Every structure is written in structure tokens, then in C-alpha cells.
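The block underneath contains the structure these notes are about, expressed in C-alpha cells.
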Amino acid sequence: MSVTQTTHDRLRAALHEELPAACELRRVLHAEPQVSGSEEPTRKRMLDALPAGHVELVAGAGALVRVGGDGPAVGVRGELDALPIVEETGVPWAADNGAMHACGHDVHLAALVALARAVDRVRPPTPMVAVLQPREETYPSGALDIVESGALGRHQVTAMIGAHVQPVLAAGEVACTPGAVNASSDEFTVTVRGRGGHAAYPHLTRDPVPVLAQIILAAQQLVSRDADPMVPTVVTFGTLSAGTAPNATPSQAAARGTLRTMSEEWRRRLHERLRQLADGIALAHGCEATVEIVHGEPVLVNDTALAEDTSRLLAVSGRAVPAVLRSCGADDFAYFGAAVPSLMLFVGTDTATGLHTPTFLPGDETVTAVAESLLAGYLAAARIEG
């Protein structure tokens with residue numbers, strides 16, 4: 001579909017007229033965050049701010065809002081949830097309820113509203129569906145629930161666009177990288193069972209603690225010796241637990257962690273190798289090991305055509321577009337990418353603090369940057385030429 005330059009320009013002008021109100025909305029959302037699973041108040045705020053349209057409630061606290069008429073549409077995501085972090089920014093509109101938008105979701109939501117209201121005003125040929133997604137920060141995934149609900153099909157969503165603030169990029173930069181940009185993410189628990197007893201009589205026990213320690217150390221070789229050096233892979237142990245007394249050998253020891261990679265094929269093999277490694281080491285020391293893996297997000301893959309077209313539109317609008325940005329971070333936006341052609345943009349911020357920290361606070365200009373990025377993605381997906 002091709003339409004006139006005028007439509008393109010009108011959308012941009014309308015978007016910028018909506019940005020002051022979007023920045024005010026961002027502060028309201030920031031001051032009233034809700035953690036994953038409790039996002040209904042945030043959803044109501046968003047439904048009140050978005051243009052009137054067909055609304056479908058999905059995935060518990062989520063919703064889809066159609067803007068601009070019937071027919072095939074472009075979906076644009078905004079995440080509803082906050083994190084259980086006590087805010088330390090000190091701004092007058094800081095949250096005080098023990099939760100915090102420390103990952104920029106307030107910025108994403110405000111930018112989404114600005115874009116939706118611009119589309120509603122201009123009424124381009126391709127409608128937009130605002131996808132208000134719950135539970136991005138926790139399992140079960142809100143994106144997966146939306147995909148499995150069939151809502152994208154009911155709304156004829158042909159492509160999905162998302163944007164995420166990213167402090168590793170300078171303010172004004174937007175990464176629009178084709179192919180895999182975020183890793184798969186799975187959580188695991190390794191449990192070693194031995195035979196407990198008095199610490200003074202180790203020969204009468206089967207101590208699971210050194211066995212677990214050997215498993216943890218050996219697992220590092222899954223990265224250095226099993227993984228293809230050209231395939232990013234992460235094996236991280238984040239928690240350890242064993243015993244309750246210093247003079248008693250416990251009967252059980254456990255560790256939890258995360259597995260991440262940019263290859264779905266290697267992801268499956270990595271799971272197998274971790275189980276084999278744990279079983280073999282435990283058996284060699286007279287213990288038993290079990291490995292439980294909770295499958296999380298798949299690899300997030302950006303559609304190449306969408307990425308290239310969006311990069312061109314961003315460059316025309318004056319946004320710096322770095323060559324590539326890939327990381328072993330994860331985002332359940334990947335589930336949308338497995339269902340329809342999708343694009344995740346990463347938007348630089350003006351803050352020196354990182355994501356998920358109590359002082360993370362991008363400036364209002366980041367709302368503008370995210371909104372312009374979402375607009376470029378929408379224009380590319382809608383084939384509205386600039």
C-alpha cells in the first residue's frame with residue numbers, strides 16, 4: 001500500500017501535537033505503578049487516555065484497542081507492569097507504594113498513547129491496534145497469553161512493533177537491528193540429593209554441597225567448550241541453598257539460575273548438556289541430581305524488511321541509527337515475533353543509571369524519542385512511504 005507524502009507528514013505533525021499531553025500522562029503513570037499481575041488500574045488509565053475504539057480485554061489485566069477502522073492492522077505494544085522496587089529518584093512524581101517503573105514502561109505507554117491519538121486524528125489507510133500487555137517482567141508471560149488467546153488474529157494484526165528504552169545507547173540514538181536481538185531465557189533449578197549426617201563423620205554421609213559446587217564450576221564449560229564461540233551463551237547461577245546448621249551435613253543442596261542463548265537449536269541442546277553434566281557428576285560421588293527447567297522467552301528475532309525500512313525512516317527523521325545492538329537480555333515480545341513479523345527498537349536515554357535500579361528516570365524527551373520510533377515502525381509496517 002502506498003499513500004501520499006501528506007499522510008506521512010500529517011502523522012508526524014499530529015504525533016508532536018500529542019507529546020505534551022503524553023509527557024503529563026507519563027508522570028501520572030510513573031507515580032501510580034502496579035506490579036505484574038495487578039495492572040488493572042494502569043490498564044484503566046490507558047483506556048481512558050487512548051482514543052475510543054473497539055476494546056478487547058485479554059490475558060487478565062491486558063487489553064487490545066483498535067484505532068482507525070476495520071481491516072488488517074499494525075499492532076503496537078506497551079507494557080503495563082512495574083517492578084517491586086522502592087523508588088529513590090526524589091522527583092515530586094515519584095512512586096511511594098513500593099513499586100516502580102524502573103524499566104521505562106511508563107515511557108513506552110505514554111508514547112503509545114501519543115501515537116494512537118495521532119493515528120486516530122489522521123485516519124491513515126492502515127489501522128493500529130494498541131496492545132496493552134501485562135506481565136512482561138514475570139511468568140507467566142503476558143505476551144504469550146495474548147498470542148495464545150487468538151486476539152491478534154481476531155484484530156487482523158499483520159505486524160507488531162515495540163520499543164524499549166536502553167541506557168547503553170546515547171540519547172537520540174535508536175537501534176533497529178535485523179535478525180536476533182535478544183536471547184532466549186530459561187530458568188533452571190539443579191537439586192543434588194545425598195545422605196545427611198554429622199559433620200564430624202563425613203565418611204558416613206554423601207555430602208551434596210561439594211557435588212553441587214563441582215556442577216556449578218563444570219557448567220561454565222558449557223559456554224567455553226560446548227557452545228559455538230559464534231553463538232552467544234550465558235549460564236548463570238543466581239541462588240544457592242543447603243543446610244541449616246554448620247555442624248551438620250545436609251541431605252540436599254540446590255541452585256537456581258538462568259540459561260540464555262541466541263540460537264533455538266543450541267538452546268535445546270544446552271538443556272540436554274546441563275542435565276547430562278549434573279547427572280554424571282552426582283553419580284560419580286554417590287548422589288543423585290535433578291534438573292528442572294522452566295522455559296521462558298524464545299529468541300527475539302526482528303523481521304529484516306521491517307528493520308531496514310524503519311531504519312531508513314528514522315534516518316530521514318534525524319535519529320541516529322547505530323549499526324547493531326544485540327544482547328543476552330530477554331523480552332517476551334519475542335512471542336509476538338514468533339506469531340507475526342515484528343520489530344523491537346531500542347531507544348537511547350539521557351540517564352546514567354541502568355534499568356531495574358531505584359534511580360532510573362529517563363527525561364521527558366525520551367517519551368518523544370520512543371514515540372517517534374514507534375511511529376517509524378508503524379509507518380514501515382503499514383507501507384506508508386516517507
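The values are calculated or read from the model by the stated rules, or taken from the named source; none is laboratory data. Keep in mind that this is a model prediction, so the values were computed, not measured. Reconstructed Cβ throughout: ideal geometry from the backbone, glycine too, with neighbour counts over all protein chains shown. Note: areas computed on protein heavy atoms with side chains; ligands, DNA, RNA excluded. Shrake-Rupley method; radii C 1.70, N 1.55, O 1.52, S 1.80 Å.
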Quiz item: Which ones in segment 325-350 are within 21 Å of Ala183 (Cβ to Cβ) and either among the hydroxyl-bearing types (Ser, Thr, Tyr) or open to solvent by 50 Å² or more (accessible area, probe 1.4 Å) (or both)?
Solution: Arg326, Ser327, Tyr335, Ala338, Ala339, Pro341, Ser342
Practice problem: Would you be able to tell me the number of residues in segment 252-278 that are farther than 18 Å from Leu300 by Cα and out of contact with any helix residue (DSSP H, G or I) (no Cβ under 7 Å at 6 or more places or on another chain)? | Solution: 8
Self-check item: Residue count for segment 59-70, restricted to those that are surrounded by fewer than 23 Cβ atoms within 10 Å (Cβ to Cβ) and farther than 20 Å from Leu374 by Cβ
Solution: 2
Quiz item: Which one is farthest from Ala143 (Cα to Cα) among residues in segment 1-53 that are in a loop (DSSP other than H, G, I, E, B) and either more than 26 Å from the chain's Cα centre (by Cα) or acidic (Asp, Glu) (or both)?
Solution: Thr4
Quiz item: Within segment 83-92, can you find the residues that are assigned to a loop (DSSP other than H, G, I, E, B) and touching a residue at least 40 places away in the same chain (Cβ under 8 Å)?
Solution: Pro84, Ile85, Val86, Glu87, Glu88, Thr89, Val91
Self-check item: Options Ala102, Ala116, Ala111: the member that is in contact with a strand residue (DSSP E or B) (Cβ under 9 Å, 6 or more places away or on another chain), at pLDDT 95 or above, crowded, with 24+ Cβ neighbours inside 10 Å and part of a loop (DSSP other than H, G, I, E, B)
Solution: Ala102
Self-check item: Unmet requirement for Leu374, which otherwise passes all of (1) open to solvent by less than 10 Å² (accessible area, probe 1.4 Å); (2) at pLDDT below 95
Solution: (2)
Quiz item: What is the number of the single condition among (1) open to solvent by less than 20 Å² (accessible area, probe 1.4 Å); (2) farther than 28 Å from Val234 by Cβ that Glu365 does not meet?
Solution: (1)
Quiz item: Within the set of pairs 6+ apart or on separate chains, which have a first residue in segment 135-148 that is closer than 16 Å to His105 by Cα, a second that is acidic (Asp, Glu) and surrounded by fewer than 21 Cβ atoms within 10 Å (Cβ to Cβ), and C-beta atoms under 8 Å apart?
Solution: Arg135/Asp145
Self-check item: Leading residue by the ranking (nearest to Ser241 (Cα to Cα)) among those in segment 193-212 that are surrounded by fewer than 17 Cβ atoms within 10 Å (Cβ to Cβ) and of a type in the set (Gly, Ala, Ser)
Solution: Ala199
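Checking the condition under 25 Å from Gly75 (Cβ atoms) and of a type in the set (Gly, Ala, Ser), which residue from Ala284, Ala380 passes?
The conditions single out Ala380.
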Quiz prompt | Cβ-Cβ under 7 Å pairs, at least 6 apart or on other chains, segment 55-82 side under 17 Å from Leu109 (Cα atoms), far side aromatic (Phe, Trp, Tyr) and in a loop (DSSP other than H, G, I, E, B) | solution = Arg77/Phe333
Quiz item: Does any residue in segment 93-104 that is under 18 Å from Thr349 (Cα atoms) come within less than 6 Å, Cβ to Cβ, of a residue that is open to solvent by less than 10 Å² (accessible area, probe 1.4 Å) six or more places away or on a different chain, and which pairs are these?
Solution: Met100/Pro33; Met100/Ala82; His101/His30; His101/Pro33; His101/Ala82; Ala102/Phe360; Gly104/Val165
Quiz item: more than 30 Å from Thr353 (Cα to Cα), modelled with pLDDT of 95 or more and either among the polar types (S, T, N, Q) or not in a strand (DSSP E or B) (or both), is that true of Gly75?
Solution: no
Practice problem: Specify the residue that is farthest from Gly318 (Cα to Cα); the eligible residues are those in segment 351-372 that are part of a loop (DSSP other than H, G, I, E, B) and in contact with a strand residue (DSSP E or B) (Cβ under 7 Å, 6 or more places away or on another chain). | Solution: Pro358
Quiz item: Counting only residues that are open to solvent by 30 Å² or more (accessible area, probe 1.4 Å) and touching a residue at least 12 places away in the same chain (Cβ under 8 Å), how many does segment 149-166 have?
Solution: 5
Exercise. Tell me, please, whether a residue that is open to solvent by 40 Å² or more (accessible area, probe 1.4 Å), in contact (Cβ under 8 Å) with a residue 60 or more places away in the chain and over 16 Å from Asp207 (Cα atoms) can be found in segment 248-263.
Key: yes
Quiz item: What number of residues in segment 287-324 are in contact with a Gly (Cβ under 7 Å, 6 or more places away or on another chain), open to solvent by 30 Å² or more (accessible area, probe 1.4 Å) and either closer than 17 Å to Ile216 by Cβ or among the small types (Gly, Ala, Ser) (or both)?
Solution: 1
Quiz item: When segment 54-84 is examined, which residues are found to be under 18 Å from the mean Cα position of the chain (by Cα) and of a type in the set (Lys, Arg)?
Solution: Arg77
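Residues of segment 262-300 being of a type in the set (A, V, I, L, M, F, W, C) and more than 18 Å from Val234 (Cβ to Cβ), which ones?
Ile281, Ala282, Leu283, Ala284, Cys287, Ala289
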Practice problem: Specify the residue that is nearest to the chain's Cα centre (by Cα); the eligible residues are those in segment 303-360 that are of a type in the set (Phe, Trp, Tyr) and over 21 Å from Val147 (Cβ atoms). | Solution: Phe346
